[in-house]
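Reading through the structure tokens given below for one structure.
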Amino acid sequence: MKHAALLSPVRVGAVTLSNRVIMAPLTRSRAGQPGNVPRSLNVEYYRQRASAGLIITEASQISQQGQGYAWTPGMYTDEQQAGWQQVVDAVHRAGGKIALQLWHVGRISHHLLQPEQGQPVAPSALQARDSMSFVVLPDGTPANVPCDVPRELSTAEIAAIVKDYAASARRAKAVGFDLIEVHAANGYLLNQFLATGTNHRQDQYGGSLENRARLLLEVVDAVTAEVGADRIGVRLSPWGTFGDIEDAEPAEMSLYLAQQLNQRGIAYLHFNEPTWADGPAYPIGFREQIRAVFSGVLMYCGGYQADRATALLEQDLADVVAFGRPFIANPDLVARFAQGAPLNTPDVNTFYGGDAAGYTDYPALRAETPTMA
């Protein structure tokens, strides 16, 4: 069997995974309307990919305020919870494990998506330059539009957002998600609090590194109270620039958070590398530094193929590796890795929005497909 290290089982907190091939969170904008509710099409999409060691769902907003793109699922209404119940049940029947990624986009939004068409919110009232939100215009036309200027959150509103994370985690536990991932990456709200370029606050949530990390740690503590630390992962993206993020202390913040999250005993730490978007590679020695201070499972994601992922595992710099686009086009990615079989090529024109085309209609590996040397 090819890539034995990648295909071996691993314990992640409270859960044992059958392999280390993780399906990365992938926004696909196909939730049912009205209400941004997971539907039968989404159930089939996730069921097809249940052979992954762990599926991390597409990012799912914790409130209407947390939404930045049309047709993304939420986890804050009874209808959304019922939709996710069908997804979880289908994945479990197929023998898989699944984590729900919880999301608040912060300033990467537009008034057409916000409650009562209000302003998006952020740590500071700074507009995300050259950043787009996906909306449905009043005439029904879908469109990418520049993100609105946000307003600064009050401390009372911050406390309410922490409660929203806890409430969504409680719903996730009720439907049987195996793990929960807190999305603190890719330029969204928690990342906006972490980064020096987007957080200009003068209160306990701004200024020092410890203050900028406060909200994320409060969210983790609130989610822990609902589901337990051994069922939580956190996603970070140091050196990432998506969403007009600028940060003067990416390494320092990452190491501080790794230490703090290690003390809390979370199941895993997930690094989304900026190389997938032509960003900088991690500095030499960064992964070794993270390994030295975090004893849980380490996950990396960012344009990996099987050979490079296996090498990272064999160097003991990662415990699992997440794959995004390969899972879009290859629902049976694990089997293809095991056999050294060729991969389907994803159709970028069907990544966001639409129906089954480019979503659930990619062909699975045929038994007679020859393996590659």
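List the helices (runs of 4 or more DSSP H) inside the range 149-266, counting only whole elements, that have at least 3 residues being modelled with pLDDT of 95 or more, farther than 27 Å from Ala128 by Cα and polar (S, T, N, Q). Break it down stepwise before answering.
On the way: elements: 155-175, 189-194, 209-227, 250-264.
Helices (runs of 4 or more DSSP H) meeting the threshold: 250-264.
Check Ala306, Ala364, Ala318 and return the single one that is at negative phi and either touching a His at 6+ places or on another chain (Cβ under 7 Å) or free of Cβ contacts under 8 Å to residues at least 12 places away in the same chain (or both).
Numbers: Ala364 fails: either touching a His at 6+ places or on another chain (Cβ under 7 Å) or free of Cβ contacts under 8 Å to residues at least 12 places away in the same chain (or both); Ala318 fails: either touching a His at 6+ places or on another chain (Cβ under 7 Å) or free of Cβ contacts under 8 Å to residues at least 12 places away in the same chain (or both).
Matching residue, one of Ala306, Ala364, Ala318: Ala306.
Answer with yes or no whether Ala185 is over 27 Å from His111 (Cβ atoms) and among the small types (Gly, Ala, Ser).
On the way: over 27 Å from His111 (Cβ atoms): no; among the small types (Gly, Ala, Ser): yes.
No.
Can you find a residue in the range 38-49 that is hydrophobic (A, V, I, L, M, F, W, C) and within 25 Å of Gly354 (Cβ to Cβ)? If you could, list the steps in order and put the result at the bottom.
Filtering the range 38-49 for residues hydrophobic (A, V, I, L, M, F, W, C) gives 41, 43.
Remaining after also requiring within 25 Å of Gly354 (Cβ to Cβ): 41, 43.
Looking through the range 38-49, at least one residue is hydrophobic (A, V, I, L, M, F, W, C) and within 25 Å of Gly354 (Cβ to Cβ).
Considering only the range 85-106, I want to know if a residue exists there that is small (Gly, Ala, Ser), surrounded by 19 or more Cβ atoms within 10 Å (Cβ to Cβ), within 29 Å of Ala213 (Cα to Cα) and under 17 Å from the mean Cα position of the chain (by Cα). First the steps, then the outcome.
Looking only at the range 85-106, we keep the residues that are small (Gly, Ala, Ser), and these are 90, 94-96, 99, 106.
Next cut, surrounded by 19 or more Cβ atoms within 10 Å (Cβ to Cβ) only: 90, 96, 99, 106.
In the following step, the residues that additionally are within 29 Å of Ala213 (Cα to Cα) were identified as 99, 106.
From what is left, the residues that are under 17 Å from the mean Cα position of the chain (by Cα) are 99, 106.
Yes, there is a match, as at least one residue in the range 85-106 is small (Gly, Ala, Ser), surrounded by 19 or more Cβ atoms within 10 Å (Cβ to Cβ), within 29 Å of Ala213 (Cα to Cα) and under 17 Å from the mean Cα position of the chain (by Cα).
Out of the residues in the range 267-302 that are in a loop (DSSP other than H, G, I, E, B) and in contact (Cβ under 8 Å) with a residue 40 or more places away in the chain, state the one that is surrounded by the most Cβ atoms within 10 Å (Cβ to Cβ). Steps first, please.
Taking the range 267-302 first, the residues in a loop (DSSP other than H, G, I, E, B) are 267, 273, 278-285, 294-296, 302.
Then drop every residue that is not in contact (Cβ under 8 Å) with a residue 40 or more places away in the chain, which leaves 267, 279-280, 282, 296.
Working: Ala267: 24, Gly279: 15, Pro280: 13, Tyr282: 21, Gly296: 22.
Going through the qualifying residues, I end up with Ala267.
Only one residue in Leu216, Leu153 is buried (at least 16 other Cβ atoms within 10 Å of the Cβ) and closer than 24 Å to Thr77 by Cβ, so which one is that? Give the derivation first.
Numbers: Leu216 fails: closer than 24 Å to Thr77 by Cβ.
Going through Leu216, Leu153 in turn, just one is buried (at least 16 other Cβ atoms within 10 Å of the Cβ) and closer than 24 Å to Thr77 by Cβ: Leu153.
For the range 28-47, give me each residue that is surrounded by 19 or more Cβ atoms within 10 Å (Cβ to Cβ) and not small (Gly, Ala, Ser).
Taking the range 28-47 first, the residues surrounded by 19 or more Cβ atoms within 10 Å (Cβ to Cβ) are 28, 30-31, 36-38, 42-43, 45-47.
Matches in the range 28-47: Arg28, Arg30, Asn36, Val37, Pro38, Asn42, Val43, Tyr45, Tyr46, Arg47.
Give me the pairs, please: first residue somewhere in the range 244-264 and closer than 21 Å to Ile108 by Cβ, second residue anywhere and surrounded by 19 or more Cβ atoms within 10 Å (Cβ to Cβ) and of a type in the set (D, E, K, R), beta-carbon distance under 9 Å, and either six or more positions apart or on two chains.
Taking only residues 6 or more apart or on different chains, the pairs are Asp244/Arg107; Met253/Arg212; Met253/Asp247.
Mind telling me which of the residues Gln192, Gln202 ends up being crowded, with 22+ Cβ neighbours inside 10 Å and among the polar types (S, T, N, Q)? Break it down into steps so the answer makes sense when it comes.
On the way: Gln202 fails: crowded, with 22+ Cβ neighbours inside 10 Å.
Result of the check over Gln192, Gln202: Gln192.
The values are calculated or read from the model by the stated rules, or taken from the named source; none is laboratory data. Computed from a predicted structure; not experimentally measured. When we count neighbours, we look across all protein chains shown, and the Cβ atoms used for this are built from the backbone with ideal geometry, even at glycine.
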